Amino acid sequence: MSADVRPIAESELPDWVRAVHTGFLTVSRVTDSDIAQRAKYSDFSRMQGAFDPDSGRCVAALRSFPQELTVPGGAAVPATAISSVGVLPTHRRQGLLTRMMAAEFAAAAARGDALATLIAAEYPIYGRYGFGPATSLVEWEIDVPRTGLDRRLSAPVDGGRIELVDVEDVRRVGPGLHERLRAVTPGVVNRDERWWSLATGLEEWSYRPYKGKFHAVYRTAEGEVAGLAVYTADDQWADAKVPQNTVQVVDLLAVTPQAERALWQFLCSIDWVQKVRTGYRAPDDLVPQLLPDPRSARVVSAADFMWVRVLDVVRALGARTYEVPGVLVLEVTDEAGPAAGRYRLDAGAGTCGRTEEAADLRLDAGALGSLYLGDTSAVRLAALGRVGEERPGAVALADAVFRTARRPWCPDVF
């Protein structure tokens, strides 16, 4: 008998959490406090489980939650964010994830979500379900003594100032700052009140205790908050009492280049610090080129990050703006169904609708997801065989239409 795939009941939450912990190799024991916190925020209609017919145990899990994704042009598009996805190693290759994804897509369509998003732990899985990598990340490690920065000059040169603040200040100014960043940065997703509570230690998971952090705010000369850096530091000393400390950036938000520059200058000027790990940043972040010697920052990680699955092509393509005008007819194939069809995109007018016109490009739903936020080159996808050109010049036009001046960035794991 096949497993029973369905939304879980509240009484099944401990078994569901155990399956998630086991799948993610975190902990096998589920505590009462963990369950109580999960129950407080759980929408059981959006939490699926697969239950073994013999044992009755939960052997696969998936949950979703409402999300808003900023797209080029600044619109916030409703999405279903998918998380806590896992199938126990004893029940792999039985189609359980396929069934859960199909159920989630159907529910998302009924809710009116135009997109689905997720952070892929493993690359090969989610292309099968129509997702495409839509944002990328880079993490640098900065060798502070090599930067060429004058460490005596930690204050901003533009008349602004850096203030060290506590978590109460962060809870007060952080959400507004993030909303300003979200309004102008494609790829950024909304952060709710619970996000800020967990990030500042007001709440914490029993299996992931909150660790103390430092918080630095950048204020303009007029006193307006325009940047925030959250970081930790280790305590490493070499022989002869030589400090070898590393700062790890946990979060850095800046709504102006001046704020971004000032925060990196500050982090690289802290006494005893020899290395700064930047955390996950956009590939075209101002680091490392803002450093006098960019070679002082080496790449320690470069990878795909947020994946996007277009569910409603008309709404999704009509929601964003485009770099240049142009008309493209897209033939989208989609084995899972919701995105399949032929669509006429008028980039100049910002409209999209179904059409019977001859196709200019052929692509699958995953390739469309990769193009959607402007991070991926249509020319490169065509060279890889992911996009087929039916009209000469259509690939080049698609590249110019979809790409954005700055690359999209998602700062959050979810």
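The values are calculated or read from the model by the stated rules, or taken from the named source; none is laboratory data. These numbers were taken from a predicted model, which means no experiment stands behind them. Backbone-built Cβ (ideal geometry, glycine too); neighbour counts: all protein chains shown. Note: areas computed on protein heavy atoms with side chains; ligands, DNA, RNA excluded. Shrake-Rupley method; radii C 1.70, N 1.55, O 1.52, S 1.80 Å.
Here is how the numbers come out for the structure above:
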read-out: Matching residues in region 282-294 - criterion: being in contact (Cβ under 8 Å) with a residue 60 or more places away in the chain and either open to solvent by 10 Å² or more (accessible area, probe 1.4 Å) or under 22 Å from GLU224 (Cα atoms) (or both); value: PRO283, ASP284, ASP285, PRO288, PRO292, ASP293
read-out: Qualifying positions in region 302-340 - of a type outside the set (A, V, I, L, M, F, W, C), open to solvent by less than 40 Å² (accessible area, probe 1.4 Å) and under 16 Å from GLY374 (Cβ atoms); value: GLY318, ARG320, TYR322, GLY326
read-out: Helices (runs of 4 or more DSSP H) fully within region 155-273 counting 3 or more residues that are touching an Asp or Glu at 6+ places or on another chain (Cβ under 8 Å) and open to solvent by less than 70 Å² (accessible area, probe 1.4 Å); value: 193-199
read-out: Selection count, region 68-115, where residues are β-branched (Val, Ile, Thr), closer than 14 Å to TYR126 by Cα and either modelled with pLDDT under 95 or in a helix (DSSP H, G or I) (or both); value: 1
read-out: Residue among GLN289, GLN236 that alone is closer than 24 Å to ALA405 by Cβ, out of contact with any Leu (no Cβ under 8 Å at 6 or more places or on another chain) and not aromatic (Phe, Trp, Tyr); value: GLN289
read-out: Filtered residues of region 148-164 (kept if β-branched (Val, Ile, Thr) and farther than 18 Å from GLU260 by Cβ); value: none
read-out: Candidate set: region 19-33, residues that are assigned to a helix (DSSP H, G or I) and touching a strand residue (DSSP E or B) at 6+ places or on another chain (Cβ under 7 Å); chosen: the one most open to solvent (accessible area, probe 1.4 Å); value: GLY23
read-out: Residue in region 295-316 that is closer than 30 Å to PHE105 by Cα, free of Cβ contacts under 8 Å to residues at least 60 places away in the same chain and either not small (Gly, Ala, Ser) or not in a loop (DSSP other than H, G, I, E, B) (or both) present; value: yes
read-out: Cross-chain or 6+ apart pairs with Cβ under 8 Å, region 67-89 first and over 30 Å from GLY56 (Cα atoms) and open to solvent by 20 Å² or more (accessible area, probe 1.4 Å), then part of a strand (DSSP E or B) and among the acidic types (Asp, Glu); value: ALA76/GLU68; PRO78/GLU68
read-out: Contacts under 8 angstrom Cβ, first residue in region 363-380 being within 21 Å of GLU335 (Cβ to Cβ), partner part of a helix (DSSP H, G or I) and among the small types (Gly, Ala, Ser), 6 or more apart; value: GLY366/GLY127; LEU371/ALA378; LEU371/ALA398; TYR372/ALA316; THR376/SER370
read-out: Selected residue (only one of ASP15, ASP54 is open to solvent by 20 Å² or more (accessible area, probe 1.4 Å) and in contact with a strand residue (DSSP E or B) (Cβ under 6 Å, 6 or more places away or on another chain)); value: ASP15
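To keep it simple, each residue is scored yes or no on (1) of a type in the set (D, E, K, R); (2) touching a strand residue (DSSP E or B) at 6+ places or on another chain (Cβ under 6 Å); (3) surrounded by fewer than 19 Cβ atoms within 10 Å (Cβ to Cβ).
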{"site": "THR98", "(1), (2), (3)": "no, no, yes"}
{"site": "ALA102", "(1), (2), (3)": "no, no, yes"}
{"site": "ALA109", "(1), (2), (3)": "no, no, yes"}
{"site": "LEU115", "(1), (2), (3)": "no, yes, no"}
{"site": "ALA120", "(1), (2), (3)": "no, yes, yes"}
{"site": "TYR126", "(1), (2), (3)": "no, yes, no"}
{"site": "PHE131", "(1), (2), (3)": "no, yes, no"}
{"site": "ALA134", "(1), (2), (3)": "no, yes, no"}
